[in-house]
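Accompanying notes for the structure given below.
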Amino acid sequence: MSESGQVQCTCVRQLWNRQHAPASTSGHATPGNIGLLHWRDLADLDCTEETCSLLPRGTAIRDLASRLRRLPPSCGPVRLIGVDGHAGSGKSTFAGKLARELGGAPVLRLDDIASHEELFDWTGRLLAQVIVPFGRGESAQYTPYDWHARRFGPPHPLPPAPVVLVEGVGAGRRALRPYLARLLWMELPREEAWARGRSRDGEEQREFWAGWVRAEQRHFAEDPSRPFADLLVRQCREGYEVFPGPAGNVGPDQSIT
């Protein structure tokens, strides 16, 4: 947004001119008249700037779901959507709400793929159990990890639905990005996210959290996700805000270490 108060989003400006400019004395969208835009038309735009952040917060997930449905498949017939962020950033809650808005889309939680011995070294298991079958248009079969029993359970089916959410720390890792239709990042500083996670899990998980934080720091230092996020998601007091992510501002994956 400029100092003059104009909304600096190309899609919004074009839509405003199409809908209102002939009858408007100013001929541009401003914070005072942005509400006059037809939000249904705005949601249909595949904006790469500020469109999502201008939508009413209560409709952010609904409009995001609409956009995700229209994406081309990215892994066989599936539109695979990654939901990444620091531990405690609200990924599970957001993914659950987005899945409901998508009509009950399956959610693969990476806590079911990881284990005590392999907090982040689970790429091969995910590729073999989920990505390869999806690529063939087949139902996946993964073995959820039981964090209390410390062992993997029986196979669990995961159908190749039109949209499948992959939620967890590391969902946007380098090895998975080629199969993602979109990567979403929960925008919450790591210290704040970790504090929320520790508070949620209680004193009994204090030792686990100490080890987890070190492992997460190592993972993102070696294989960052946020620079490749298509969208940033911020939880608000009422609902969520969705903003364009930094994807496209860095070079190809292979040039990033």
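The values are calculated or read from the model by the stated rules, or taken from the named source; none is laboratory data. Remember, it's a predicted structure, so these values are computed and weren't measured experimentally. Positions of Cβ are backbone-derived with ideal geometry, glycine not excepted, and every protein chain shown enters the neighbour counts. The accessibility values were calculated without ligands, DNA or RNA, using every heavy atom of the protein model including side chains. Shrake-Rupley method; radii C 1.70, N 1.55, O 1.52, S 1.80 Å.
Which condition breaks for ALA247 when tested against (1) in contact with a Pro (Cβ under 9 Å, 6 or more places away or on another chain); (2) at pLDDT 95 or above?
(2)
Which ranges mark the strands (runs of 3 or more DSSP E) fully within the range 139-203 that have 2 or more residues being touching a residue at least 12 places away in the same chain (Cβ under 8 Å) and open to solvent by 30 Å² or more (accessible area, probe 1.4 Å)?
156-158
Can you name every residue in the range 89-116 that is open to solvent by 30 Å² or more (accessible area, probe 1.4 Å) and within 19 Å of ALA175 (Cβ to Cβ)?
Matches in the range 89-116: ARG109, ASP111, ASP112.
It is to be established whether one or more residues within the range 119-128 are hydroxyl-bearing (Ser, Thr, Tyr), assigned to a loop (DSSP other than H, G, I, E, B) and in contact (Cβ under 8 Å) with a residue 24 or more places away in the chain.
No, that holds for no residue.
So in the range 217-240, with the set limited to residues that are open to solvent by 30 Å² or more (accessible area, probe 1.4 Å) and in contact with a strand residue (DSSP E or B) (Cβ under 8 Å, 6 or more places away or on another chain), which one is farthest from ARG190 (Cα to Cα)?
Result: ASP230.
Restricted to the range 69-88, and to residues that are farther than 15 Å from TRP185 by Cβ and touching a strand residue (DSSP E or B) at 6+ places or on another chain (Cβ under 7 Å), which residue is most open to solvent (accessible area, probe 1.4 Å)?
By that ranking, first place goes to ARG69.
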